[in-house]
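Asker: Dumping the structure here so I can ask a few things about it.
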Amino acid sequence: MKVDAMIKGFSGLFLALLLLGAFASASSHSIAQQDAIRVIPVQDAERETKRGEPDPYLLSLMKQVRDKVDGWLKSVNEQIEREDITRSKVRFLEILRSFLEWAKEKLDAKIESEEGKSKEREIIPSPI
């Protein structure tokens with residue numbers, strides 16, 4: 001039953017994103033016609049690289065997302081191991097699992113690189 005709800009949730013989410021994209025593209029044309037300036041808050045990566053220190057908030061956020069992905073992977077693996085689901089659901093869950101594993105690998109690599117930057121900063125003595 002959870003798999004059916006998950007499939008319905010993903011299809012609903014996909015539909016919502018599709019509608020949101022259509023609405024955003026229509027509204028962006030009207031904004032461009034008005035010559036309005038949109039401010040998009042982003043992290044200043046250039047300033048961060050000059051300092052050589054990773055953002056601790058971003059690092060903790062990535063760790064939380066990694067933990068969430070781990071939980072999803074465990075849930076998907078439990079669903080796959082159950083014997084009372086159909087072959088098509090198993091295939092869908094395998095595709096979902098491969099995507100989650102890919103996302104987890106990317107998160108792990110980014111977290112390790114950010115932690116490596118902070119460790120290098122601690123090891124390198126400042127020239128006096």
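Asker: Of the conditions (1) farther than 14 Å from I7 by Cβ; (2) touching a residue at least 60 places away in the same chain (Cβ under 8 Å), K89 satisfies every one except a single condition; which number is it?
Answerer: Evaluating K89 over (1) farther than 14 Å from I7 by Cβ; (2) touching a residue at least 60 places away in the same chain (Cβ under 8 Å) leaves (1) as the failure.
Yes or no, residue by residue, for (1) modelled with pLDDT of 90 or more; (2) assigned to a helix (DSSP H, G or I):
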residue	(1), (2)
H29	no, yes
V65	yes, yes
W72	yes, yes
V76	yes, yes
E83	no, no
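The values are calculated or read from the model by the stated rules, or taken from the named source; none is laboratory data. Since the model is a prediction, treat every value here as computed from it, not as a measurement. Because the Cβ atoms are built from the backbone with ideal geometry, glycine has one as well, and the counts that use them run over all protein chains shown.
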